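Here the structure comes first, spelled out in C-alpha coordinates, and everything after it is commentary.
The values are calculated or read from the model by the stated rules, or taken from the named source; none is laboratory data. As the structure is a computational prediction, the values presented were derived from the model and not from experiment. Cβ placement follows ideal geometry from the backbone for every residue including glycine, while neighbour counts extend to all protein chains displayed.
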Amino acid sequence: MELFDRLKKKKMSNLDILREVQTLFERMAKLIIEHGHSDLQYPVREMKCAIDFIDIALDEARSQDNDYENELVEIREIMENLYRQTRGGLSEFHIWPDKNGVNEDISQINNRLMEIYWGLYKDM
(Lines give C-alpha, C1' and ligand atoms only; values in the text may rest on other atoms or scores of the structure.)
Protein backbone atom coordinates (compact mmCIF):
# COMPACT_ATOMS: atom_id res chain seq x y z
CA MET A 1 0.00 0.00 0.00
CA GLU A 2 1.34 3.41 -0.92
CA LEU A 3 1.90 5.94 1.83
CA PHE A 4 -0.65 8.49 0.63
CA ASP A 5 -3.36 5.84 0.47
CA ARG A 6 -3.33 5.69 4.26
CA LEU A 7 -4.76 9.21 4.46
CA LYS A 8 -7.64 8.26 2.19
CA LYS A 9 -8.32 5.01 4.06
CA LYS A 10 -8.68 6.93 7.29
CA LYS A 11 -11.04 9.33 5.51
CA MET A 12 -9.51 12.27 7.33
CA SER A 13 -11.15 15.59 6.76
CA ASN A 14 -9.02 18.57 5.82
CA LEU A 15 -9.65 19.95 9.29
CA ASP A 16 -8.38 16.71 10.87
CA ILE A 17 -5.27 16.83 8.68
CA LEU A 18 -4.54 20.42 9.75
CA ARG A 19 -4.97 19.53 13.40
CA GLU A 20 -2.71 16.49 13.10
CA VAL A 21 0.02 18.46 11.30
CA GLN A 22 -0.20 21.10 14.02
CA THR A 23 0.18 18.47 16.75
CA LEU A 24 3.10 16.79 14.96
CA PHE A 25 4.87 20.12 14.45
CA GLU A 26 4.36 20.98 18.13
CA ARG A 27 5.88 17.65 19.20
CA MET A 28 8.79 17.93 16.76
CA ALA A 29 9.59 21.53 17.73
CA LYS A 30 9.57 20.57 21.40
CA LEU A 31 12.00 17.70 20.78
CA ILE A 32 14.33 19.91 18.77
CA ILE A 33 14.28 22.67 21.37
CA GLU A 34 14.87 20.26 24.26
CA HIS A 35 17.49 18.03 22.62
CA GLY A 36 18.79 19.78 19.52
CA HIS A 37 21.47 22.28 18.72
CA SER A 38 21.32 26.01 18.10
CA ASP A 39 21.84 25.53 14.34
CA LEU A 40 18.31 24.11 14.16
CA GLN A 41 16.59 27.48 14.41
CA TYR A 42 15.21 27.33 10.86
CA PRO A 43 12.99 24.23 11.25
CA VAL A 44 11.78 25.36 14.67
CA ARG A 45 10.89 28.80 13.32
CA GLU A 46 9.09 27.30 10.32
CA MET A 47 7.14 24.86 12.48
CA LYS A 48 6.12 27.62 14.87
CA CYS A 49 4.93 29.72 11.91
CA ALA A 50 2.89 26.76 10.67
CA ILE A 51 1.42 26.19 14.13
CA ASP A 52 0.43 29.87 14.38
CA PHE A 53 -0.93 29.82 10.81
CA ILE A 54 -3.15 26.83 11.61
CA ASP A 55 -4.35 28.49 14.84
CA ILE A 56 -5.37 31.61 12.93
CA ALA A 57 -6.98 29.62 10.11
CA LEU A 58 -9.02 27.57 12.56
CA ASP A 59 -10.15 30.66 14.49
CA GLU A 60 -11.19 32.50 11.33
CA ALA A 61 -12.91 29.50 9.79
CA ARG A 62 -15.18 28.78 12.74
CA SER A 63 -17.58 31.45 11.55
CA GLN A 64 -17.41 30.39 7.91
CA ASP A 65 -18.09 27.33 5.82
CA ASN A 66 -14.51 26.35 4.99
CA ASP A 67 -13.06 23.25 3.36
CA TYR A 68 -9.50 24.34 4.37
CA GLU A 69 -8.13 23.70 0.86
CA ASN A 70 -6.14 26.97 0.78
CA GLU A 71 -4.73 26.28 4.23
CA LEU A 72 -3.62 22.79 3.18
CA VAL A 73 -1.83 24.23 0.14
CA GLU A 74 0.03 26.64 2.42
CA ILE A 75 0.93 23.88 4.90
CA ARG A 76 2.13 21.65 2.06
CA GLU A 77 4.48 24.43 0.93
CA ILE A 78 5.85 24.87 4.46
CA MET A 79 6.40 21.12 4.71
CA GLU A 80 8.14 21.08 1.35
CA ASN A 81 10.52 23.81 2.49
CA LEU A 82 11.29 21.93 5.70
CA TYR A 83 12.16 18.72 3.89
CA ARG A 84 13.99 20.18 0.88
CA GLN A 85 16.50 22.18 2.90
CA THR A 86 19.92 20.63 2.41
CA ARG A 87 21.20 22.02 5.70
CA GLY A 88 18.96 22.58 8.68
CA GLY A 89 16.00 20.74 7.18
CA LEU A 90 14.22 17.65 8.47
CA SER A 91 14.78 15.05 5.76
CA GLU A 92 17.87 13.54 7.38
CA PHE A 93 17.41 14.98 10.83
CA HIS A 94 18.90 13.21 13.86
CA ILE A 95 19.98 14.36 17.28
CA TRP A 96 23.44 13.29 18.34
CA PRO A 97 24.01 11.82 20.79
CA ASP A 98 20.62 10.14 20.90
CA LYS A 99 19.22 10.78 24.36
CA ASN A 100 16.36 8.64 25.65
CA GLY A 101 15.41 7.38 22.19
CA VAL A 102 14.62 10.85 20.89
CA ASN A 103 15.58 9.87 17.34
CA GLU A 104 12.93 7.14 17.32
CA ASP A 105 10.29 9.73 18.24
CA ILE A 106 11.62 12.07 15.56
CA SER A 107 11.53 9.26 12.99
CA GLN A 108 7.92 8.44 13.82
CA ILE A 109 6.88 12.10 13.54
CA ASN A 110 8.81 12.50 10.28
CA ASN A 111 7.25 9.37 8.81
CA ARG A 112 3.74 10.57 9.60
CA LEU A 113 4.46 14.07 8.27
CA MET A 114 5.76 12.54 5.05
CA GLU A 115 2.64 10.38 4.71
CA ILE A 116 0.52 13.50 5.07
CA TYR A 117 2.73 15.50 2.71
CA TRP A 118 2.53 12.91 -0.06
CA GLY A 119 -1.20 12.60 0.46
CA LEU A 120 -1.54 16.36 0.04
CA TYR A 121 0.83 16.40 -2.91
CA LYS A 122 -1.16 13.73 -4.70
CA ASP A 123 -4.49 15.47 -4.08
CA MET A 124 -3.47 18.97 -5.14
Q. Which ones in the stretch 84-98 are at pLDDT 70 or above and surrounded by fewer than 11 Cβ atoms within 10 Å (Cβ to Cβ)?
A. ARG84, TRP96, PRO97
Q.
Looking for something loosely packed, with under 13 Cβ neighbours inside 10 Å and at pLDDT below 85 - is there at least one such residue anywhere in the stretch 52-61?
A. yes
